């Protein structure tokens, strides 16, 4: 853990502790710390500060195994290597097996050669140009996390040491607030955002650990609220794991889990093809491609109903309030 | 009655009592002084807008393209006494006047601005036009119009209405004529012999009313003040003090104090987009942040000086302020919600006082780096009224600009720079002050290191040592020149010029009053507006005179 990071965390922690101990504010009654200053709490603002280390997503989108690392420099040495995918083996099997109740699929290898990395959605994504890196869907999602259409915040709990800590928690939330965006188009650190008032959009709490500055935690379910152009929906991801490289005020990495084919159709297929075919898909081909789903075997229908996914994410520190 | 109102009333009462007790000493013991020369003072763009709104309504959209203001001796308020109107500027004023007149007498607003009903909407009505011109003209010219001034515009309204077949269109022409008149565009400060002392010249009562109104409201006098002026009541300093108290009690007084501090702190540079930062190095410095930063400081000043009537010197140590979420992000403090709210910086945090605000730290920095020199110069010149000579033309700034070189911190770079004897003298005045703020980068964000090296923010301000910006703020608060400098700056702003030599005793007296009040803003205004410097003049400034 870098010294500055520790100071930051301590400062935030001190601030929140102080606020919890009854500092007062004539106005709305909120309190908080002064991050990076070593000082105790200032007072003011609205909303009740949450007692954990907060982040706001500055970028979010599909992981592209053939992604251009110049576009995503922060991904280098973290979650993607040219020779493999640093995802998770979600099903604990290599290739999904052939037994009844499983979904046959090919896995990826991790850069270190570890087999069994699940990313079934990639076989789907790669078939549609509008879903490729920097194309329509990727751009829309990337913009949405910045402009408030799909704002996401994250909280790390129980962090005593940003480099090695054997017991931490992760929780992800939607927020109705928009992050602050700088002149470079990137989300700014140290904004204050309120977690979504509807607990539907609070993930279950994942537990994990930090080893050498890399946090791994899971499993957890999350429902992300978004309202992007013509699509007002919830994005439900289940049995997720998260891996984050923690930097000085930043966290970047991947979120890997399961996304149902029904949801993919609801969120991408139906609206983008039936409303002027904005994304330029052939809907028949779209539906056919979903037959490659690699998880969520449904005994009744005998079909696989979800894809394993990997989303990349980048986040910067933020103050979270209720 | 609020605490503030009570304070104003007591001040007014004391002024009246002082008048009664002191006989001819109408300014509470102030030394007899002859004010400096008066001049035509062109309305600043802010005064132009505020005057239009006060006379014709806040719904008027005032065109922003009018003659630009000029800063002289550090103040737009002084520069306004030394500018004229260029031919292109006149065209802008004419275009603005036309646009304003169309709105003021358009179907939506004419009811609020015109108290009479024309006999015919399709032709001339001299009686109704006269009533409008006399009423509105008085507010615009800040005095009752002479008969020929009214008659000329009634004729314009009549001929235009007849030609255009529209009473209101005709009246728009007359209003435009008022709005492009020098009597509106310039504050015409007139003088007359003082009947009590034929050797002295005093401002006419309407000129005093105008000075008072633009000082306290940054706008044109209202009818009550004009009535007091034209009845002669304002020539009595007790009445004048009472009017000043009334103006200070008005909600419009906030615009006045904002205007003064905006001028003094050069916030116009933010308004005009002249405070720029590298978008890659300082992405947080958005237009929103810049506007909020200015507003934060002004809100803090108003809250401190007006709402809470606190010691002006503590503006440099106060932890009380107001924030928005975007400011909270730069200050790295939690501040949610959608808008403004009060905030207290942490007791043991690194911020206190105006000089820790994003606004001033940004203004006194370069686009890509902080500037201890600019910050020190600002404190010396603006807050302590000490002159710093301009640098020689051939100065080599390469050392201080090379932030990526071997000299890692500003202190190291400036230390090397001042080995040049030609630079050392002035830099020794500025840099120790500015280095106190090195923990604030070019946009005022806090940092503990520069280029990986711990920042040393310690220093000494004219004998008082400090370890950091907090200590520097305390040293500034305790500096013997802080109060007198504010007195001098407000005086210059009020009279539109630098003090002349004979006015120093008055400034000393005003500062004594200011200090005796615990540096309460209202007390300084109270003392200033009944002083000879405010009420008398040595004559009209000659055209070739420059600011002294």
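Could you work out the pair-distance distribution P(r) of the protein assembly as shown from its alpha-carbon pairs, with 10 angstrom bin width and percents rounded to whole numbers? Per 10 Å bin, starting at 0, the Cα pair percentages come out as 2, 11, 17, 18, 16, 14, 10, 7, 3, 1, 0, 0. As a rough guide to protection, the peptides B:62-72, A:112-122 ranked by mean Cβ packing within 10 Å, highest first, stand as A:112-122, B:62-72. With R₀ fixed at 25 Å, the C-beta to C-beta distance from residue A:106 to residue A:284 puts the FRET efficiency at about 0.55.
In chain B, the C-alpha radius of gyration followed by the widest Cα-Cα span (Dmax) gives 25.5, 83 angstrom. Under 13 Å from a label point 7 Å along Cα→Cβ of residue B:467: give me every residue in region B:347-379 with its amide N that close. It comes to B:348-350, nothing else. Put in line by how crowded their Cβ is, counting other Cβ atoms within 10 Å and starting with the fewest, B:294, B:92 read B:92, B:294.
Gain on full extension, evaluated as 0.36 nm per residue between residue B:538 and residue B:122 minus their Cα-Cα distance, stands at 144.6 nm. Grab the Cα-Cα distance for residue B:451 and residue B:190, subtract it from 0.36 nm times how many residues apart they are, and report the gain in nm with one decimal. Here the answer is 88.0 nm. Scoring B:275-287, A:165-177 by mean Cβ neighbours within 10 Å over their residues and listing the highest first yields A:165-177, B:275-287.
The C-alpha atoms of chain B define a longest principal axis, and helix B:237-249 lies at about 70 degrees to it.
Cβ-Cβ distance of residue B:396 and residue A:227, R₀ of 60 Å, FRET efficiency by 1/(1 + (r/R0)^6): the value works out to about 0.60.
Shielding of peptide A:182-194 by partners, expressed as the average count of other chain Cβ atoms within 10 Å per residue Cβ, is 6.
Distance from the Cα centroid of region B:429-479 to that of region B:255-322 is 19 Å (rounded to whole angstrom). Return, ordered by residue number, the residues of region B:337-375 whose backbone nitrogen is under 17 Å from a label point located 7 Å along Cα→Cβ of residue B:307. Inside the label zone: B:338-345, B:353-354. When DSSP beta bridges are limited to those with both residues in the protein assembly as shown, what percentage is antiparallel, rounded to the nearest 5? Antiparallel: roughly 95 percent of the beta bridges in the protein assembly as shown. In this label model, residue B:115 and residue A:199 are separated by 6.5 nm, measuring between points 7 Å along each Cα→Cβ vector.
Put simply, when B:446-453, A:56-63, A:259-266 are sorted by average Cβ atoms within 10 angstrom per residue, most first, you get A:56-63, A:259-266, B:446-453. What FRET efficiency comes out for the pair residue A:143/residue B:278, r = Cβ-Cβ distance, R0 = 41 Å, nearest 0.05? That gives a FRET efficiency of 0.95. Mean partner shielding of peptide A:312-319, defined as the number of other chain Cβ atoms within 10 Å of each residue Cβ, is 1.
Across peptide B:466-478, the average count of Cβ atoms from other chains found within 10 Å of a residue's Cβ is 0.
Only helices enter this figure: runs of n ≥ 4 DSSP H residues, each worth -39500 (n - 2.57), summed and divided by the residues of the protein assembly as shown, yield -11000 deg cm²/dmol at 222 nm to the nearest 500.
Relative to the longest principal axis of the Cα atoms of chain B, the long axis of helix B:482-495 makes an angle of roughly 30 degrees. Against chain B, whose longest principal axis is taken from its Cα atoms, helix B:167-179 shows a tilt of about 50°.
Readers should treat all values here as calculations from the given coordinates under stated rules, not as data from a laboratory. A quick note: this is a predicted structure, and the numbers were derived from the prediction, not measured. Note: ideal-geometry Cβ built from the backbone for every residue, glycine included; neighbour counts use all protein chains shown.
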